[in-house]
Every structure is written in structure tokens, then in C-alpha cells.
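The values are calculated or read from the model by the stated rules, or taken from the named source; none is laboratory data. If you're wondering where the values come from, they're calculated on a predicted model, not measured in any experiment. When we count neighbours, we look across all protein chains shown, and the Cβ atoms used for this are built from the backbone with ideal geometry, even at glycine.
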């Protein structure tokens, strides 16, 4: 396993989202990663009851913001050596991909997720 260091460009999975970022600190159990692009937008709803719309609170989950820093467990961070896309365009692409997947699913969870994503789009792309 390659040793990662501060300044390395990596992919990082945070909850259900996936990002390209830069390691800014190394902690005993985590890397601190500064977000530079979005590869996969987080799923909507309750993380403890995935794909279930019948939950007490259906969470609206935003993507991490450009240059936002987040602690990511060591095993969820991998080296990245490709081009780093523009954050705004990567967010748009990730949202479109998620919406496309949700539109193929007619479940109550998918329908609520689409409503959440449409609300987020208004905030993201003012």
C-alpha cells in the first residue's frame, strides 16, 4: 500500500459521496481532505435506512463544498493521478448522473430523492 502524504491528490469517500481532493493533514484514524471536485453526489434520505422513504426524517444531503475540508477514514482515501475537473462542472455532472439513476427507479425513495435534488440544484446553481 502506497504511503499517502500531505499535498497528495486523492479520491475520498465521505458518507455516500465521492470526491477528488488534497490531503491537508494526517491524523491517527483519518486524513483531512480539502475537496476539489465531486465524483459522486451523496444519496438522499436516511443513511441508516438506505432507499427507504418511510423514515422519521428524510435527509437532504448536500455535496461537500469547494475547498471544504473533511475527515475521511484512512481506508476510504486512495491516490488519484488524473486531471482534476472544475468543481462546478463536476458537481453538475454528479447531480445529472444521480438524477438519471433515480429516474429509472419508481420507488417512493427515488421520488423523494428527486425532489431533494431539485431543491439542491436551485441552491447549487443560482
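Points worth noting:
- Only one entry in 103, 97 is in contact with a helix residue (DSSP H, G or I) (Cβ under 9 Å, 6 or more places away or on another chain) and at pLDDT 95 or above, namely 103.
- Taken over segment 47-64, the criterion of being farther than 13 Å from residue 94 by Cβ and either surrounded by 16 or more Cβ atoms within 10 Å (Cβ to Cβ) or touching a strand residue (DSSP E or B) at 6+ places or on another chain (Cβ under 7 Å) (or both) is satisfied by 53, 58, 60.
- Going through (1) touching a helix residue (DSSP H, G or I) at 6+ places or on another chain (Cβ under 7 Å); (2) free of Cβ contacts under 8 Å to residues at least 40 places away in the same chain; (3) not in a loop (DSSP other than H, G, I, E, B) one by one, residue 38 falls short only on (2).
- Test: residue in segment 44-56 that is within 18 Å of residue 4 (Cβ to Cβ) and either within 15 Å of the chain's Cα centre (by Cα) or at pLDDT 95 or above (or both): no
- Qualifying residue in segment 18-33 (condition: assigned to a loop (DSSP other than H, G, I, E, B), out of contact with any strand residue (DSSP E or B) (no Cβ under 9 Å at 6 or more places or on another chain) and loosely packed, with under 14 Cβ neighbours inside 10 Å): yes
- Unique match (being in contact with a strand residue (DSSP E or B) (Cβ under 9 Å, 6 or more places away or on another chain) and not in a strand (DSSP E or B)) among 67, 115: 67
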